[in-house]
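So the structure is just underneath, and the comments pick up after that.
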Amino acid sequence: MRQAMIIEDDQGTRDIYRLVLRSIGYDAVEAGDGEVALRMLRQVTPDVILLDLRLPHRSGADILSYIQNDPHLRHSRVVIVTAHSVVTEDLHLRPGDVFLLKPVRTSVLRDVLIGAPTGT
């Protein structure tokens, strides 16, 4: 089974993401804050990472930078899902990474995760 990591501080949102991920064949691990996420990323190599930018203890931009600079995560696809349309950080996404603005319909998230065109 493919592995995903959900980095999101809202439990309800993590629950929704986990259900979407399971429906398309992913097993998910979860982190509710930035520090926990960084510790976990040193131990796992997820196929896909759902990343919120606004997190307690460490920013999503810090975590994105870590992911992009750690060789063992070079093939991990990042899907940034945030409610903040104004991003103060200069985010440089890799090819295949995606930026989605909350609220995200579960059908759109599913399509992004499986690589289908979303029409958005």
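The values are calculated or read from the model by the stated rules, or taken from the named source; none is laboratory data. Computed from a prediction, not measured in an experiment: that's the story for all the values here. Positions of Cβ are backbone-derived with ideal geometry, glycine not excepted, and every protein chain shown enters the neighbour counts. Heavy atoms of the whole protein, side chains included, go into the accessibility calculation; ligands, DNA and RNA do not. Shrake-Rupley method; radii C 1.70, N 1.55, O 1.52, S 1.80 Å.
Quick look at the values:
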{"read-out": "In the stretch 45-93, residue surrounded by the fewest Cβ atoms within 10 Å (Cβ to Cβ) [restricted to those that are acidic (Asp, Glu) and over 25 Å from residue 2 (Cβ atoms)]", "value": "90"}
{"read-out": "Single condition residue 39 does not satisfy, out of (1) open to solvent by less than 70 Å² (accessible area, probe 1.4 Å); (2) over 18 Å from residue 111 (Cα atoms); (3) assigned to a helix (DSSP H, G or I); (4) out of contact with any His (no Cβ under 6 Å at 6 or more places or on another chain)", "value": "(1)"}
{"read-out": "Residue 96 at positive phi and open to solvent by 40 Å² or more (accessible area, probe 1.4 Å)", "value": "yes"}
{"read-out": "All positions within the stretch 67-101 that are farther than 23 Å from residue 21 by Cα and at pLDDT 95 or above", "value": "69, 70, 71"}
{"read-out": "Test for residue 18: is it open to solvent by 70 Å² or more (accessible area, probe 1.4 Å), modelled with pLDDT of 95 or more and part of a helix (DSSP H, G or I)", "value": "no"}
{"read-out": "Every pair of residues 6+ apart whose Cβ atoms lie under 6 Å, when the first sits in the stretch 31-42 and is in contact (Cβ under 8 Å) with a residue 12 or more places away in the chain and within 14 Å of residue 61 (Cα to Cα) while the second is of a type in the set (Lys, Arg) and surrounded by 15 or more Cβ atoms within 10 Å (Cβ to Cβ)", "value": "34/58; 35/58"}
{"read-out": "Complete set of residues in the stretch 45-73 that are assigned to a loop (DSSP other than H, G, I, E, B), touching a Ser or Thr at 6+ places or on another chain (Cβ under 9 Å) and hydrophobic (A, V, I, L, M, F, W, C)", "value": "53"}
